[in-house]
Amino acid sequence: MSLARLTRPRQDYTYAFLDAYAKRELRRRILKAIAIPGYQVPYASREVPIARGWGTGGLQATLALVGPQDVVKVIDQGDDDSVNAANLRRFIARFAGVRTTTDALEATLIQSRHRIPEEILGRQQVLVLQVPIPEPLYRVEPSYAQARELHAEAEYGLAWLDLYEALVRYRTSTQGADYPVLVGGRYLMAPSPIPRWDTPKLHRAEHLTLLAAGREKRLYAVPPYTEVRPLEFSDVPFEVEDQRGWIDEALGVRNKFMTEIPLPDGSVRYRVSDTGYARKLREGRAPGPTYFDDTGAFYIAGFLAERRKLGAKGKSQSEKPM
């Protein structure tokens, strides 16, 4: 079978693959998730032609929202060209007939696994994150029924205790990706396994973020301009991954999230994780503003800068009693 035939838009299926009833149900659930930021909304996860755990939730959310005028970008761990990203992008393009891109600023709809692009997204864009485990209390409360009661009562003491025990034992947080955050001062949320580097990008962001777990049949959202604050103690503030001194040797870039590449001689080479951003630099195109500037400071005033201001006055706003 030729490549042209594999990539030709399908005319023998419902537009964007899902039937009208599935899209309607998903859109209603998405509206509810937007109305209650961080709240996990159950939905009837449909069968799609990829295995559970490989992005079925994100794919269904994308198919429910995509329209003929959209421009779609799909990334996996920041990479546009991985097998998972390429297959999902080809599937969406075939069944929705939309244009695809690797440019984060050109896309209207971005589906991602475990990364948020380096360039700052705008108000006309939607970011869909694939989620394997949507329950942020799973580490401390394996019973989903009990976890729902804790969410209803906003009782997150076990999550705070988990962070405290790690600090006592290891002098640092052991939670890497999927660091728990409090959304709108109310619901504890798992931001999908994005690195801590990407967590501040959700705070007061202009774009809409949707998070969907197909296997667990849950979706939730972070609407634009919503407060998203990681759990932290006043004397042990939240920190992103320490990549000081890391540099992409090919591009000369610093203070962007890097991928470590071990070499046969035992040394390590670093490469910018966001391949769309790196492609712009290689081609000599000027990328848009990024969340972290060249000094490593967070670009958006309202998260790290705001926290430092509050810390100078006393207790940080993120430590208000539950």
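Values quoted throughout were computed directly from the atomic coordinates according to the rules given, and no laboratory measurement underlies them. All of these numbers come straight from a predicted model, not from anything done at the bench. Backbone-built Cβ (ideal geometry, glycine too); neighbour counts: all protein chains shown.
The tail of the calculated P(r) for the chain, taken as Cα-Cα distances beyond 34 Å, holds 24 percent of the pairs. The calculated 222 nm mean residue ellipticity attributable to helices in the chain amounts to -8000 deg cm²/dmol, summing -39500 (n - 2.57) over DSSP H runs of n ≥ 4 and dividing by all residues.
Stretching residue 282 away from residue 124 to a fully extended chain increases their span by 54.2 nm, per 0.36 nm per residue minus the current alpha-carbon distance. Taking 0.36 nm per residue of separation and subtracting the current Cα-Cα distance, fully stretching the chain between residue 239 and residue 251 would add 1.8 nm. Among 144, 21, the ranking by other beta carbons within 10 Å of each residue's beta carbon, starting with the fewest, stands as 21, 144. Each residue, residue 71 and residue 186, gets one label point 7 Å from its Cα in the Cβ direction; the gap between the two is 3.5 nm. All other residues whose Cβ lies under 14 angstrom from that of residue 83 are scored, Lys and Arg at +1 and Asp and Glu at -1, for a net of -1. Extension gain, residue 24 to residue 172: 0.36 nm times the residue separation minus the Cα-Cα distance gives 48.8 nm. Shown for the chain: lysine pairs separated by 8 or more places, or found on different chains, whose C-alpha atoms are under 28 Å apart, numbering 21. Apply the Debye scattering formula to region 99-169, with a single equal point scatterer on each alpha-carbon and no solvent, then give log10 I(q)/I(0) at q = 0.14, 0.21, 0.24 Å⁻¹. Once normalised to I(0) and log-transformed, intensities are -0.68, -0.87, -0.98.
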